[in-house]
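Following: one structure in structure tokens, then a few remarks.
The values are calculated or read from the model by the stated rules, or taken from the named source; none is laboratory data. Quick caveat, the model's predicted, so the values are computed rather than measured. Quick reminder, even Gly has a Cβ in these numbers, built from the backbone with ideal geometry, and neighbours come from all protein chains shown. We work out accessible area using only protein heavy atoms, side chains counted, and drop any ligands, DNA or RNA first. Shrake-Rupley method; radii C 1.70, N 1.55, O 1.52, S 1.80 Å.
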Amino acid sequence: MDKFGKSQSVTRVEDTRFLTGQGRYVDDIAPEGALHAYVLRSPVAHAVLKGIDTEAAKAAAGVSIVLTQTDLEAAGLDAQMTFSCAPQRDGSKGAAPRRPLLATDKLRFVGEAVAVVVAETLAEAKDAAELIEIDYEDLPVSMALEAGGETIHAEAPDNRAYDYGMGDESATEAAFVSAARVVKLEVGDNRIIVNSMEPRGAFAEWDGDRMHLAFGGQGVWGMKGELSRCYGVDADKVRCTNPDVGGGFGMKGMAYPEYFVLPFAAQQAGRPVRWMSDRTEAMLSDNAGRDLTTTAELAFDADNRILAYRTHTRSNLGAYNSQFGQMIQSFLFSRVLTGVYDIQTVFQRAEGFYTNTTQVDAYRGAGRPEAIYVLERVMDRAARELGVDPMELRRINFIKPDKFPYTTAAGETYDVGEFARVQAHAAQTADLAGFAARKADSAQSGKLRGLGICYYIESILGQPHEDVKVEFVEDGALIYVGTQSNGQGHETVFRQFLSDQTGIPAAQIQVIQGDSDLIPSGGGTGGSRSVTVQANATLAAVATMVDGFADFLAGEMGVDAGDVSFDDDRFRAEGSNVSPTMLEAAQMAREAGRDDLLVWQTTAKLPGRSFPNGCHVAEVEIDRDTGETVCDRYTVVDDFGNLINPMLAEGQVHGGVVQGLGQALCERVAYDDQGQLLTASFMDYAMPRAQDVPMIGFETEPVPSTANPMGMKGCGEAGTVGALAAVSNAVQDALWDVGIRQADMPFTPARVWTMLRDDRIAAE
């Protein structure tokens, strides 16, 4: 990783086709002549489903078939979604209600799939869906994040999905009793809609008795296994592919009902069937994110050192468990529960509840933003109540460099960290020394200025092992990867890394991804795992290639195999004037009939997790008359360890910060008391725009990881993890000066104006 010329900022090769309209997304590549599917969805949040009359729809012009859950079950399909359950405090598992692919006995949220109409055109499918009569009897709607209310699932009395706990409750309680000072804060974490640039979509087709599902996802092997289970067929009868994918954010990492129904529809119709979600449909049916309320407490000794940390989180699971729902909301939340601080005892309680809304998975960040957001908000409150500079309070409590490897009270082992050094870099880069002058300037304009800090840490999650295959072809090499790009730049970074390690010109390397027929297995993309685990596998493959070619070249060079070395550019041996490049060695093998040397396949496992971390500093300015809140300055200093392509890392951080700004300043999902989504279009749901985003300063302070041979740490979600708390703390800082002690996202003009107005009224 340190050879001259490696780890350079290389522009993304895939952008040429994306920016010129040549992307190959699932809706671009659907087979010619494919039928169109339309999903009829529940118009109400809760009802007994008494019957579905599809006869008129079946007779409508252009209609091929109309499917309900009854049709799927009659055909022998295992027509339900699989899901995960959290472990409960009493040792049992959380509630496990069945989720049918299409609604059968009850309707449980607005937008739940009820029937699928397949027709020659999308317009005909929509028209036919209007003819379907759903006979239902309304039931009371439950929207509360607490026990009780109308039962949504018989398997979950009081609508409690799980009651999870981790840590040492008694030791934590003892620490709080002995503490010199306790700081407590309730922190709201607003629900957001993922809103990937490309909505979900798929098509299905059959080749004899073998199905093919192409869909916009974050990996193909999980879906392949699920289809095999649902249809009761061997996995080799299923092919799954991901073409270009326009954004995933974790939301596209899971299966959805439509993906199971399409192959059956294609089989029954005898033709390929395609489906593409529209934006409102996506807002209703995609897994959403966040929707948590946490009470957090920190216990301090007389020297302002943290003794213990305690949280109680209530989370909205929506109407059903999803594949990762309860696990994400609980177990992953605890992975970075203690952040970068030397905390000896913690206890977390997390409760999940079912409501009449779309399922929620804490996605667009997979649990880390939630944990860090809460911890850094209460740390900010502690600095205010203890009268300590926020950066100094953090510095006092950082895990010191000589304590690594360090096992946190939550059971996670950090390999390395120099948090104080990274924070000091951020303080200098953000010009904290000049903040007082900037605040005074804002005051002269009648505005409030606030400064917010967040020191985050996250962990690489997901499957620790990955597959790779390198194949030499006449004009270069193909690298088959087990991860899946959703827009992160994988095509650029994976070929760049292989080029760095082998000397093969990057222009002669092609990245192949997203086809279960071409790659035997893979972990997909999610949890900031892709580059680290894939590069680790590539490194292992290169080592195997070097050994294999060295044995072959020994005979060509007239030396012993042990005398052949490779310097990332050429094979060399003392006493031989033959020094082929990797491509030349492959060509020599081809000419010698050694086809066994032209394909190399390896599975490698990361030795351990790595932990990207960094310091975010935000400054906001608030107009006291209108409540308008503007993020005026933003600085990030990250420790990502070694980087393959710094430019791509910076782009990931920029995108993540903007995503965090969106949730902090404008994004919020709203339902009425009947479970109807009020923010079901971009007319009603605000997304951050260019005018909402300041220039984002980005620098790195690398502390290479010891948990993998590349010294890498991952960076995919780092921007969001830090942005939520940094911006929120900045707003709280600005409002603190006028006596407002509780400020929660999103900081829309109306909400901030209301806080300022209420404060003025209270003061009068």
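Side notes on the structure shown:
- Screening the candidates Ala47, Ala34 for the property of being modelled with pLDDT of 95 or more and either more than 26 Å from Gln268 (Cβ to Cβ) or aromatic (Phe, Trp, Tyr) (or both) yields one hit, Ala47.
- Unmet requirement for Gln323, which otherwise passes all of (1) modelled with pLDDT under 90; (2) open to solvent by less than 10 Å² (accessible area, probe 1.4 Å): (2)
- Cβ separations smaller than 7 Å between residues 6+ apart or across chains give the following pairs from segment 383-410 residues that are without any contact (Cβ under 8 Å) to a residue 24 or more places away in the chain to residues that are open to solvent by 40 Å² or more (accessible area, probe 1.4 Å) and in a loop (DSSP other than H, G, I, E, B): Ala383/Asp389; Pro401/Glu418.
- Residues in segment 466-479 that are under 26 Å from Pro607 (Cα atoms) and either open to solvent by less than 20 Å² (accessible area, probe 1.4 Å) or within 19 Å of the chain's Cα centre (by Cα) (or both): Glu466, Asp467, Val468, Val470, Ile479.
- Scanning segment 439-460 for residues that are in contact with a Leu (Cβ under 9 Å, 6 or more places away or on another chain) and assigned to a helix (DSSP H, G or I) gives Lys439, Ser442.
- Among the residues listed as Gly21, Gly76, Gly33, Gly51, the single one being closer than 27 Å to Met197 by Cα, out of contact with any Ser or Thr (no Cβ under 8 Å at 6 or more places or on another chain) and either touching a residue at least 40 places away in the same chain (Cβ under 8 Å) or in a strand (DSSP E or B) (or both): Gly33
- Selection status of Ser64, at pLDDT 95 or above, farther than 30 Å from Gly675 by Cβ and either touching a strand residue (DSSP E or B) at 6+ places or on another chain (Cβ under 8 Å) or open to solvent by less than 60 Å² (accessible area, probe 1.4 Å) (or both): yes
- Residue-level check: of (1) at pLDDT below 95; (2) touching a Pro at 6+ places or on another chain (Cβ under 7 Å); (3) open to solvent by less than 10 Å² (accessible area, probe 1.4 Å), Val653 misses just (2).
- Of all residues making up segment 242-276, the number that are surrounded by fewer than 21 Cβ atoms within 10 Å (Cβ to Cβ) and among the polar types (S, T, N, Q): 2
- Test for Lys106: is it in contact with a Pro (Cβ under 9 Å, 6 or more places away or on another chain) and either more than 24 Å from Thr121 (Cβ to Cβ) or open to solvent by 30 Å² or more (accessible area, probe 1.4 Å) (or both): no
- Residue under evaluation Leu756, criteria (1) of a type in the set (A, V, I, L, M); (2) in contact with a Gly (Cβ under 7 Å, 6 or more places away or on another chain); (3) without any contact (Cβ under 8 Å) to a residue 60 or more places away in the chain, criterion not met: (3)
- Extreme residue, farthest from Gln359 (Cα to Cα), among residues of segment 172-217 that are charged (D, E, K, R) and surrounded by fewer than 17 Cβ atoms within 10 Å (Cβ to Cβ): Arg181
- Note on segment 378-419: among residues that are of a type outside the set (Lys, Arg), open to solvent by 60 Å² or more (accessible area, probe 1.4 Å) and not in a loop (DSSP other than H, G, I, E, B), the one that is modelled with the lowest pLDDT is Thr413.
- Condition check for Gly487: open to solvent by 30 Å² or more (accessible area, probe 1.4 Å) and modelled with pLDDT under 90: yes
- Asp625 assigned to a strand (DSSP E or B) and either closer than 19 Å to Ala430 by Cα or out of contact with any His (no Cβ under 6 Å at 6 or more places or on another chain) (or both): no
- Number of the exception - Pro607 against (1) outside any loop (DSSP other than H, G, I, E, B); (2) modelled with pLDDT under 90; (3) surrounded by fewer than 24 Cβ atoms within 10 Å (Cβ to Cβ): (1)
- Selection within segment 117-151 - in a strand (DSSP E or B) and either open to solvent by 60 Å² or more (accessible area, probe 1.4 Å) or over 30 Å from Phe353 (Cβ atoms) (or both): Val117, Val118, Ala119, Glu133, Asp135, Tyr136, Glu137, Asp138
- Of the residues Asp758, Asp684, the single one that is more than 29 Å from Ala371 (Cβ to Cβ) and more than 26 Å from the chain's Cα centre (by Cα) is Asp758.
- Considering Asp234, Asp189, the condition of being over 11 Å from Lys252 (Cα atoms), out of contact with any Asp or Glu (no Cβ under 7 Å at 6 or more places or on another chain) and not basic (Lys, Arg) is satisfied by Asp234 alone.
- For segment 152-171, a residue qualifies if it is on the phi > 0 side of the Ramachandran plot and surrounded by fewer than 18 Cβ atoms within 10 Å (Cβ to Cβ), and exactly one does: Asp158.
- Restricting attention to segment 420-434, the residues being open to solvent by less than 30 Å² (accessible area, probe 1.4 Å), in a helix (DSSP H, G or I) and out of contact with any helix residue (DSSP H, G or I) (no Cβ under 9 Å at 6 or more places or on another chain) number 2.
- On inspection, Ala540 fails the criterion of being assigned to a helix (DSSP H, G or I), under 16 Å from Val473 (Cα atoms) and open to solvent by less than 60 Å² (accessible area, probe 1.4 Å).
- All positions within segment 688-725 that are at positive phi and open to solvent by 10 Å² or more (accessible area, probe 1.4 Å): Gly714
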